[in-house]
Amino acid sequence: MTNRIYNFSAGPAVMPMPVLEQVQRDLIELPGVGMSVMEISHRSGPFEAIIGAAEADIRTLAGVPDNYKILFLQGGATLQFSMVPMNLLTEGRTADYIMTGTWADKALKEAKRVGTTHETGSTADTNFNRIPRDDELAFTPGAAYVHMTSNNTIEGTEWHRVPQVPDDVPLVSDASSDIFSGPIDISKYGLIYAGAQKNLGPSGVTLVIIREDLLARSSKSLHTMLNYTIHAENGSLYNTPPAFGVYTLGLVIKWLLANGGLAGIQAVNQRKAGKLYAELDRTGFWTPTADKASRSLMNVTFRLATEDLEKAFIKEATAANFDGLKGHRAVGGMRASIYNAFPEHGIDELVAFMREFEAKRG
Ligand SMILES: *Cc1c(COP(=O)(O)O)cnc(C)c1O
């Protein structure tokens, strides 16, 4: 057996065990290929089959309509902070950014380098502890796009609705930390992007799902590697793709398909997060930081009465093999990241450990 510990890291994060086991089995030689995925040409039949299956399985899993392209890029979600405005923020238009936390702010900073931006719906006054209501959102008529962050990894909040943007304005979503954690209506978005290392696989590959008509906005003067149209025309094979990442991401998608798809994983995620929030709400010893209606199913953020108590909890939890519970350095406290692959029994064990801690210190 293994000595794997419970990994609550926000990213890179826990991977599904069956995926790790298959990667291990296939590592020396892919069945029928005689080499590993890291050693074959990205122009070879076997790799074309791998990237083709990953795309087809994503289409099946998320019901991606035919008029959307699926791209496997590099540079993380952070490069998308730049690529989105470079490709979509055309001359004379404004890009609207919904300000829900640290990552939204980083995305906005890059857009400002490209063109005119407008910030709306900021919940900064309450430390981004909630998602803005519809009546707090004011969009620019004829905006180039509206940018949202579907799950705020650091602050522990998540959109549980799709914001109502004007009909002709595409919605762009940074879904890095909650993509495929439940059913998603792709047709409501113009573009969705996600770094893989939270819910999709290893770091090094970034998934982009883009509505085809938006490709027409990419200017020919853009640098080749920063141009969505080039990547779309070349099936994500303009240059050498992150082959190992694409292969492993494909296995994660197959794992989701084999386990009830997005509705199936959503039920598990609701149960897992439900158990943890129930414990946080039980006595008042813990203080969950996100507003109830905005709580994330992926990143559960909470505090204790003093920083000393928090330090003691994190230290004792780490010693008991609950790793990665320290909150982001920008906000402090604790954060349990419980992405798709985080096992439910790990939640049960953490809850039991929290009860013991409370009995000792409460
Ligand atoms: C982690 C994260 C990012 C940054 O991702 P990289 O792949 O490291 O660039 C951006 N946005 C959100 C919401 C994230 O959780």
* **region 156-181: number of residues that are free of Cβ contacts under 8 Å to residues at least 40 places away in the same chain and touching a Gly at 6+ places or on another chain (Cβ under 7 Å)** => 1
* Structure fact -> Restricting attention to region 130-152, the residues that are open to solvent by 10 Å² or more (accessible area, probe 1.4 Å) and in contact with a helix residue (DSSP H, G or I) (Cβ under 7 Å, 6 or more places away or on another chain) number exactly 2
* First in region 102-122 and assigned by TED's automatic domain parsing to the domain that holds Phe81 and under 19 Å from Ala175 (Cα atoms), second anywhere and part of a helix (DSSP H, G or I) and open to solvent by 70 Å² or more (accessible area, probe 1.4 Å), Cβ under 8 Å, 6 or more apart -> Lys106/Thr78
* Would you be able to say whether some residue in region 339-358 is touching a residue at least 40 places away in the same chain (Cβ under 8 Å), over 30 Å from Asn259 (Cβ atoms) and part of a helix (DSSP H, G or I)? => yes
* Restricting region 71-114 to residues that are outside any helix (DSSP H, G or I) and over 20 Å from Leu222 (Cβ atoms), the residue that is nearest to the ligand (Cβ to nearest atom) -> Gly101
* What are the pairs, 6+ residues apart or on separate chains, where a residue within region 79-96 that is on the phi > 0 side of the Ramachandran plot has its Cβ under 9 Å from a residue that is part of a loop (DSSP other than H, G, I, E, B) and more than 16 Å from the ligand (Cβ to nearest atom)? -> Gly92/Gly115
* **Residue list for region 150-174, filter: of a type outside the set (Ser, Thr, Tyr) and assigned to a strand (DSSP E or B)** => Asn151, Asn152, Glu158, Leu171, Val172, Asp174
* Quick one: which of Pro12, Pro18, Pro31 is within 16 Å of the ligand (Cβ to nearest atom) and either over 19 Å from Leu350 (Cβ atoms) or β-branched (Val, Ile, Thr) (or both)? -> Pro12
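Conditions tested, residue by residue: (1) touching an Asp or Glu at 6+ places or on another chain (Cβ under 9 Å); (2) not acidic (Asp, Glu).
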{"site": "Thr90", "(1), (2)": "no, yes"}
{"site": "Thr94", "(1), (2)": "no, yes"}
{"site": "Thr102", "(1), (2)": "yes, yes"}
{"site": "Thr116", "(1), (2)": "no, yes"}
{"site": "Glu119", "(1), (2)": "yes, no"}
{"site": "Asp125", "(1), (2)": "no, no"}
{"site": "Arg130", "(1), (2)": "yes, yes"}
{"site": "Arg133", "(1), (2)": "no, yes"}
* Asked: Do you know which residues across region 186-208 are without any contact (Cβ under 8 Å) to a residue 40 or more places away in the chain and either under 22 Å from Asn259 (Cα atoms) or surrounded by fewer than 19 Cβ atoms within 10 Å (Cβ to Cβ) (or both)?
  -> Lys188
* Kindly list, by first and then second residue, each pair from a residue in region 20-42 that is under 22 Å from Asn239 (Cα atoms) to a residue that is among the β-branched types (Val, Ile, Thr), limited to pairs with Cβ atoms under 6 Å and residues at least 6 apart or on different chains. => His42/Thr240
* Which of the residues that make up region 175-208 are more than 11 Å from the ligand (Cβ to nearest atom) and assigned to a strand (DSSP E or B)? -> Leu191, Ile192, Val208
* Matching residues, region 128-153, being within 16 Å of the ligand (Cβ to nearest atom) and of a type in the set (Phe, Trp, Tyr) -> Phe128
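The values are calculated or read from the model by the stated rules, or taken from the named source; none is laboratory data. What you see is a predicted model; the values in this text were computed from it and never measured. Because the Cβ atoms are built from the backbone with ideal geometry, glycine has one as well, and the counts that use them run over all protein chains shown. The accessibility values were calculated without ligands, DNA or RNA, using every heavy atom of the protein model including side chains. Shrake-Rupley method; radii C 1.70, N 1.55, O 1.52, S 1.80 Å.
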